[in-house]
Every structure is written in structure tokens, then in C-alpha cells.
Amino acid sequence: MLTAYVASDFAIKTRGLTKQYGQTVAVNELDLEIKIGQFYGLLGPNGAGKSTTIHMLTTMTTATSGEAWIADQLVSADPVVIRGTVGLVFQDSALDRTMTIDENLQFAAAMYNLPPQIADKRIDELLSVFGLQEKRNVKLLALSGGQRRAVDIARGVLHRPKVLFLDEPTIGLDLPNRRAIWRFVEQLRRNEGMTVFLTTHYLEEAAACDHVDFIQHGKLQQGGAPHELIEQLGAYVLEINTADPENIAAQLTPLFGDPIREDQQLSFKISASDFNFSELQKTLGDAVSSMQWRRPNLNDVYLWTFCSPEQGEAV
Amino acid sequence: MSWRPVKAVVGRELSKLFRQRARLVSAMVRPMIWLLVIGSGVGSMLEGQQQEGYLTFLVPGILAMTLLFASLLSALTLVYDKEFGVMRMMMIAPIAHYWIVLSKLIAATLTAMVQAILLLLLLVILGLIDINIALGLLPAALLTSICCAAIGGLIAVWSKSIDNFAVIMNFFIFPVFFLSGALYPVKQLPDYLHYIVAVNPFSYGVDLLKHAVPNVNTDFSVTTDIVVLISFSTIAILIACWRFSRESVHEPLFHRATKR
């Protein structure tokens, strides 16, 4: 029985969690188990159901069927309690641009019923993590996109949530700001030991996660620890550009399995770590215009999960 | 449930009111224009004794207008905040969602009362009304202001975006104001307008304010006014809270991002 669920070391757990908008199934029978203190990444293309999953787990929308637990509390039982337990940094800003950082954070703190003195100390502490103490009385309008995002994250963790949800926290930011945001998140995790649930489509950013899963069309594809997933994929990824992809594919498929094909480029997984590439180069000769091999990364895992020949989907 | 979140929402609205000087000034100028221009203009068509009487007659109506505009505009920040994202900060807070509506309506009532008090002060200083009458108008103003905030709450929970603002002005604020007896005695209106005035809850606020000014003819009894205002406000606020607690109302707030 779902309601007779006993205390566990899971920060987030779902069983058959489903959300339907009319005929569209946004999230389909999701089963998740995320341990306390984990850094979890849910990866997938736009519209795959990442945000909807977060919104169901944070009571912003109710599930059509299935159940979810946050820190052992049934999400549907008391949304107010759940909202006190989680922190959510929305994809779009939740701040008032006409007010200062201090006014925004004081307002947010009051919404969490934090007494002013405690709120004041906490704001101080967070702004020093983000290096924004100097800007405390500056209006949000005058801040950069990255600084505003940092304030948004500070707002999400004011009340020391047990679980922090970050919905595409670095979307629309340039590289230095993205890196800065990740440093802050890492520091927050270190300081406060909170469980972090992340969605992103910048896959390289998810490499720091303890566990990642992929989601597409609302369906979860079991993932794992990023480094394990990368290892499982193979020792190398071989990319070949050629004017005659059919011929090359026919030649190499028996050796490496089916490739991913994009126009004139073929990508193969190679599992043998001692594979002799120069031999292959000689064999192929003039038939290829370029050929390169490299260690796989999370992007490759993603591509092979969603665009692999077995999946029968075009890139 | 603690009062701190409610106080924060109310405090934010009040500090915005005082920060936006132009809004405050226009809230004072608008009624003065009506009172002095319309009052004197229409008054000039009347004779001798009646002229002065019309100006006095207009005071409750003009005060009601200030309350209507102030309460309604403030209640509509429920839509405005949604548009600019601040609503997300309130939605994720550990409070039941109807408290957001209640806090906003309390804020709307108070911002309207601040403006009413300033207007009354101005009228007293200009010698247009007596200080005792001004004080007598305050309780009636409070009930009217709650009623206007409730109307605003109803409109706000049904509006998807602030693009509808012109629509709201033309289809709600102006009809509610003109068909209320604020500018003319209801008894002299043609029959069909009479009925419209009678179903307009704002009319009872205007009438209650008229009761506070001596020598002004009223259309309903004080009891009728109070009963109608309180019942309407209660029902409207309950409906607004119920509607706001339904998540379909907020889907655009979260869906916009996902659909991108």
C-alpha cells in the first residue's frame, strides 16, 4: 500500500508519477529514487517533461496519477508542508526587478516565516557566498543576468530546504556566469548538505552529478553515475566524415556495430581500449575525408541513448 | 498560519504606493478634477441653493471613486505579479494559496484607505467638508473599500494577463462607477437603469457614504447598505479564493517556460 510507506534514506521517491494535459502525456509513469544528499540530474531535450516533473514534486501542479514522497512525506497529503521542505529555483526569474536584492530576499524570507534577525543573517551569509554583499541595496534592474540568477538561487535556499530543485539554472547565461553558478551550487551543497535535483540541457554541466537519468517524451531512461555511463559507452568515439557514408557504414558496422549517422558524418562506439586506429586509417584510405577518435563524454551518452540506431530515431 | 507572510505582502504594496509618487498624486488629482470641474460644470446648470448642494452631493461619490480605482488597481497586482514572475515567489512559499488572495485584498483595502484619508484631508484643508464629516465617512469608506477590493479580486482571478487592462477599465470600472448613483440620485434615473444600479454592489458603498454626509438624499437604508456590502464582499472573496486555489489558473505561469 502506498500510504504505508516507511521512513527511508530517500530524499525523493516516486511511483508511477504521471501528468497528462488533455491527450498529451507530459510525464509517463515515473519511478525515481534519489538518496539524501545526492546531486541528481534529470536530462533531456526541451519539452521532455523535466519541468513538469519538478512542478509535480514541488506541488506547483498535481499529478494525474501515481505518488511522490519528499523526505518521506507524501507530496499530495499536505502541499504546504512540502513547500516548506523544498526549495525551487524556477526556470524564469521569481524576483521583483524594481526592488533591491535586500528587499526581494527579505520579502521571500517573510514568505517563509523567517524572523527578520534570522533572515538578515542568512541573507548576509548567502550574499557572501555569491559575492554580492556590496550589491545588497542595488535594484535588480541594475544587475547582470548572472547576478540576478544568483539572487534567485539565494532566494531558493533561504529557508535551508532539505531538497533543492534547480530547473535549468544556467539557461541563457554566458560561460563565465554558468561556471560561477556551478561554483555557488557546489559550495551550497558542501555547506548545507542538501539534496539537489537538477535539470539541464547543457550536458557537460551534469558531469558533476552523482547520478543522471535521461527523459524523453515523458518516459524515463535509466541512467547512472556519469563516469560509469561514459565508461559503459566505450573506450572511444570514432567520427568519420565521408562522401560515401553507405559504403563506409557497411564496411565498419560488422566491426563496431551500427553508427549514428548525421548527413556525411558517421559516429561509431569502440569498446577496445587498445584499438589500432592507424591500421584502420590505412584500410579506409581515400574513402574518408576526415577521421578522428576521442574519449566519450556525457554528450555522447545522451546521443547514443536517444539517437542510437536501435532507437530508430533520426538525429 | 503566521501573519508574517501576510504582513510582507501588505508591506510590499504599501511601500510601492509611497514610492510611486505619480500614482499617489494622480489619485488625488483625479477626484479633485471631478469635484471641481464636473461639480462646478453640472452645478452651474442648477440654481442658487442647489448649486452648493450638488458639490456636497458629489463628495461621497468622488470619495467612492477614489476607493474604487485604488482598490481595484491594487487587487489587480495579482495579475501583474503573475506577469512579472513575483507570483512564483508567493506560490512556492509554504502557505495555502488562498492566503495570497487574502493578503492582496487586505493590501488593496489598506492602499485604498490611505488614499481616501489623504483625499479627505485635502477636502478638509480646502474647506469643502467639515472634519467631523470626514471622520464619519471613514467607517463607510472602509466597507466600500473592502467591497471594491473584492470586485478587483474577482476580476483578477479571471484575467490571464494585464493586456486585458483596457478591457477592465471600460467594462468594469466605468460602468460600475457611472451606474452607482455616485454622480446623480438613483431615484431620478429611468426604471431600467434603476435596476442596474440596484444590482451593482458598489452603489451600496456610495449610498453608505452619502449617509455620512448631512443633507444628502440617500436611496437605501444604512442596514441594507451594510448587509449588501458585507454579504457581497464575503461571497466574492470566497469565490476568488476558491478560483485561485485551482491550479489550472496558474498553468500559464509555469507552462510558458516549458512550451518555449
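The values are calculated or read from the model by the stated rules, or taken from the named source; none is laboratory data. What you see is a predicted model, and the numbers here were worked out from it, not measured in a lab. All Cβ positions, even for glycine, are placed from backbone atoms using ideal geometry, and neighbour counts span all protein chains on display.
Among the residues of segment A:189-208, at least one is under 12 Å from residue A:43 (Cα atoms), in a loop (DSSP other than H, G, I, E, B) and of a type outside the set (Val, Ile, Thr). Restricting to segment A:30-53, what's the tally of residues that are under 12 Å from residue A:14 (Cβ atoms) and within 12 Å of chain B (Cβ to nearest Cβ)? Residues that pass the stated criteria total 1.
The single condition among (1) out of contact with any Gly (no Cβ under 7 Å at 6 or more places or on another chain); (2) more than 14 Å from chain A (Cβ to nearest Cβ) that residue B:72 does not meet is (1).
The residue that is farthest from residue A:61 (Cα to Cα), among those in segment B:218-260 that are polar (S, T, N, Q) and at pLDDT 85 or above, is B:218. The set of residues in segment A:93-113 being free of Cβ contacts under 8 Å to residues at least 24 places away in the same chain and more than 13 Å from residue A:156 (Cβ to Cβ) consists of A:103, A:106, A:107, A:110, A:113. Select from segment A:62-110 the residues that are facing chain B (nearest Cβ under 7 Å) and more than 27 Å from the chain's Cα centre (by Cα) and list them in ascending order. Answer for segment A:62-110, where residues must be facing chain B (nearest Cβ under 7 Å) and more than 27 Å from the chain's Cα centre (by Cα): A:107, A:110. Assess whether residue A:132 counts as being at the interface with chain B (Cβ under 8 Å from one of its Cβ atoms) and either more than 30 Å from residue A:52 (Cβ to Cβ) or not acidic (Asp, Glu) (or both). No; evaluated as a whole, the condition is false for this residue. Restricting attention to segment B:63-80, the residues that are buried (at least 23 other Cβ atoms within 10 Å of the Cβ), within 25 Å of residue B:39 (Cα to Cα) and hydrophobic (A, V, I, L, M, F, W, C) add up to 7.
Taking the listed residues A:172, A:131, A:146, the one that is in the same structural domain as residue A:36 (by TED's automatic domain parsing) and in contact with a Pro (Cβ under 9 Å, 6 or more places away or on another chain) is A:146, with no other qualifying. The numbered conditions (1) buried (at least 21 other Cβ atoms within 10 Å of the Cβ); (2) within 12 Å of chain B (Cβ to nearest Cβ); (3) within 26 Å of the chain's Cα centre (by Cα) are all true for residue A:150 except (2). Residues of segment A:159-199 that are at pLDDT below 90 and among the basic types (Lys, Arg): A:178, A:179, A:183, A:189, A:190. Residue count for segment A:259-301 satisfying the condition of being under 35 Å from the mean Cα position of the chain (by Cα) and either part of a strand (DSSP E or B) or not aromatic (Phe, Trp, Tyr) (or both): 28.
Counting only helices (runs of 4 or more DSSP H) wholly contained in segment B:1-55, the ones carrying 3 or more residues that are in contact (Cβ under 8 Å) with a residue 40 or more places away in the chain and within 14 Å of chain A (Cβ to nearest Cβ) occupy B:4-19.
For (1) out of contact with any helix residue (DSSP H, G or I) (no Cβ under 9 Å at 6 or more places or on another chain); (2) more than 22 Å from residue A:107 (Cα to Cα), each residue gets a yes or a no:
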{"residue": "B:2", "(1), (2)": "yes, no"}
{"residue": "B:12", "(1), (2)": "no, no"}
{"residue": "B:17", "(1), (2)": "no, no"}
{"residue": "B:41", "(1), (2)": "yes, yes"}
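To keep it simple, each residue is scored yes or no on (1) touching a Ser or Thr at 6+ places or on another chain (Cβ under 7 Å); (2) more than 14 Å from chain A (Cβ to nearest Cβ); (3) buried (at least 20 other Cβ atoms within 10 Å of the Cβ); (4) of a type in the set (A, V, I, L, M).
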position	(1), (2), (3), (4)
B:82	no, no, yes, no
B:85	yes, no, no, no
B:121	no, yes, no, yes
B:126	no, yes, no, yes
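Here is a yes/no grid of residues against (1) without any contact (Cβ under 8 Å) to a residue 60 or more places away in the chain; (2) exposed (fewer than 15 other Cβ atoms within 10 Å of the Cβ); (3) β-branched (Val, Ile, Thr):
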site	(1), (2), (3)
A:255	yes, yes, no
A:259	yes, no, no
A:268	yes, no, no
A:274	yes, yes, no
A:287	yes, yes, no
A:293	yes, no, no
A:298	no, no, no
